[in-house]
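Only the coordinates and a few stated rules stand behind these numbers; no lab work does. Small disclaimer: the values here were computed from a predicted structure and weren't measured. Don't worry about glycine lacking a Cβ; one is built from the backbone with ideal geometry, like all the others, and counts go over all protein chains shown.
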Amino acid sequence: MNPSESGNLGDVFAAYAGSERVAIIDLYDPAVPREYSYQEFSENCDAVANGLLVAGLEPNDRVGILALNRVEFLEVLFGAMRAGCVPVMINVKLPDETVEYIICDAGMQIVFADTEQTARVPENVRTVSFGESKDPFDEFKIRSDEAFPSFFPGHGDIAEQPYTSGSTGRPKGVLLDHIGQVWMTEKIVESRDIREDDCSVISAPLYHKNALLAVKSALSAGGRIVLFSRFDAKEYIRAIERYRLTMLTGVPTMYALILQEEKLLDQTNLSSVRNCSMGSAPASDNLLETLAVRFPDAKLNLNYGITEGGPILFAWTHPDGLPRPPTSVGFPIDGVEIKLVGGPDEDQGVLHVKSPGVMKGYHNLPDATKNVLSAEGWMDTGDILRRDDIGWYYFVDRADDMFVCAGENIYPSDVETMLERHQDVMQAAVVPAPHPLKSHVPFAWVVKRDGSILDEEAVKEHSLKNGPVYAYPRRVFFVDALPLSGTNKIDRRALEARAVEKVREDDDAT
């Protein structure tokens, strides 16, 4: 059954459900690849849906998934939606108390988990294990000779409930409905020209918006997916040639780590790649230039998205066919309304968005919903963007990442962009460090170009020559890679904690 018939997001690849073509290559264990045809994968999703009904679950009941990337994760995801249940994807990197909070907040009756994750689920919640256990996944599935009759969602029926990262408080459940997410998937396939002959790689976690949308759009187009349980730069590179990957996905830090594997890249045929997609954080000009040299036949595409927004808002192409500036996040997708609020002019400000893909609200949090979602459906993203004179958009910063130094407002991304203009800086992250007189001062963490002898004084000198005096980093620390949060964004909270620790160490030394 096609989603156009049922309106169910779980049927997003139903047009290919009877095909023997390969849909998923599961590299949970890279030494033992598992291939699944569209028909086999769809039948497994149906078996999960049958199992949920037999287990007593009803439409709108929440179904938890606590696991690394694997095909079983996706079988539960699509099977639950076909049954009318709401999958809740849980970040495995969260502390135990936060995992328990999400399970309780969502009111889950059942959680599907990797064997090593099962002990984290409260005893009163049924736990089905993807490995060997007293309640194994293979025995949960119930097969039938007939295709499962998918639930027909009505207006506002929820398809999935991801949770925010909780970096500034407790995670919030985001209510995304079937109608909006089917619309979003179709728009992504159309605007990104995703094809049947594409082969996409997924190594970011499936509980993250970018990875999950990449899966839905690739399967909706009838393409193949190569699925890693976690990111490994060497295995990622080897997969490019082995599976003739055409669509690469990741965050800037992943690409920076890939580019460090120069010898392996030299030995690998990279000619199949036609798109390199990256999101969750801005990318430096140096990183983009180096990628362009390694992948000369590929288009490099920066993405902007927010879970509450659907999540993707921008297309890779301009409706007039105009060339895309390298650091632009795109042009609004047809059907997405945008306005910039509270900035110096109409071309810069906090992004507000309205589209069928925007969330219906936060789960059981009406006040938090009202704070970001208007009665007319406009959502305040909290992100500052700017627009150029032909309609391309650019990410500026998170409004809540701004900090004050001696009365001056500092936006970390402005300082990071300035630092990344140095030829030896691949990536930079700037956070506030406490200061007794100035409130805060900038500290920077920098990933150097491989082989560079760049030092702290050179970075400071570059900053003073190319930016305002108040914004130069008072301390610079060099790292092999920037820390990532569970959602693959730069973990600014972790860096802020390190900054506090460094200040304390300096105080102790004096």
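Observations on the model:
- Options 258, 390, 98, ranked by Cα towards positive dipole end of the chain, top entry (Cβ charges): 390
- Percent RCO, i.e. relative contact order, over region 151-198, from Cα pairs under 8 Å lying at least 6 residues apart: 30
- Computed about its Cα centre, the charge dipole of region 319-473 is approximately 240 debye, with only Lys, Arg, Asp and Glu carrying charge at their Cβ.
- FRET efficiency estimate (nearest 0.05) - Cβ-Cβ, residue 389 to residue 470, R0 22 angstrom: 0.15
- The helix-only estimate of mean residue ellipticity at 222 nm for the chain, built from DSSP H runs of length n ≥ 4 each weighted as -39500 (n - 2.57), is -9000 deg cm²/dmol after division by the residue total.
- For residue 383, the residues whose modelled amide H falls within less than 5 Å of its own, excluding neighbours fewer than 5 places apart on the same chain, are 351, 399.
- Here the contact order of region 331-399, divided by its residue count and restricted to Cα pairs under 8 Å and six or more residues apart, works out to 29 percent.
- Unsatisfied cross-links (Cα-Cα over 27 Å) in the set 134/209; 370/502; 234/502; 141/489; 209/360: 134/209; 370/502; 234/502; 141/489
- A simple spin-label model places pseudo-atoms 7 Å from Cα toward Cβ; at residue 375 and residue 190 they are separated by 3.1 nm.
- Taken one residue at a time, the phi angles of region 228-235 give Karplus couplings (6.51, -1.76, 1.60, θ = phi - 60°) of 9, 6, 7, 6, 9, 4, 5, 5 Hz. Gly and Pro are set to x.
- Taking θ as phi - 60° and the Karplus parameters 6.51, -1.76 and 1.60, the scalar couplings of region 446-451 work out to 10, 9, 7, 4, 4, x Hz in sequence order, x denoting glycine and proline.
- The charge dipole of region 235-296, taken about the Cα centre with unit charges on the Cβ atoms of Lys, Arg (+1) and Asp, Glu (-1), comes to about 260 debye, rounded to the nearest 20.
- Residues with amide H under 5 Å from that of residue 427, placed H, sequence gap 5 or more: 447
- When only the Cβ of Lys, Arg, Asp and Glu is charged (+1, +1, -1, -1), the dipole of region 331-399 relative to its Cα centre reaches about 320 debye.
- Anisotropy class of region 402-509 from Cα gyration tensor, a/c 1.5 cut: rounded
- Cut-off under 5 Å, modelled amide H: who pairs with residue 84 long-range: 151
- Only beta bridges with both residues in the chain are counted; by DSSP, about 55 percent of them are antiparallel.
- Mean separation of Cα contacts under 8 Å, 6 or more apart, over the residue count of region 21-126: relative contact order %: 26
- Label point at residue 152 placed 7 Å out along Cα→Cβ; residues across region 40-74 whose backbone nitrogen lies under 19 Å: 59-60
- Net length available on complete extension from residue 35 to residue 143 is 36.9 nm, with 0.36 nm assigned per residue and the Cα-Cα distance removed.
- Overall form of region 3-230 per C-alpha gyration tensor (a/c, 1.5; a/b vs b/c): rounded
- Three-way shape label, the chain, alpha-carbon gyration tensor, a/c 1.5: prolate
- The stretch between residue 262 and residue 96, if pulled fully straight at 0.36 nm per residue, gains 55.9 nm over its current Cα-Cα span.
- Using 0.36 nm per residue and subtracting the Cα-Cα separation, the extra length available between residue 297 and residue 450 on full extension is 52.7 nm.
- Computed from backbone phi with θ = phi - 60° and the Karplus coefficients 6.51, -1.76 and 1.60, the 3J(HN,Hα) list for region 464-475 is 5, 7, 10, x, x, 4, 5, 9, 6, x, 6, 9 Hz; x is used for glycine and proline.
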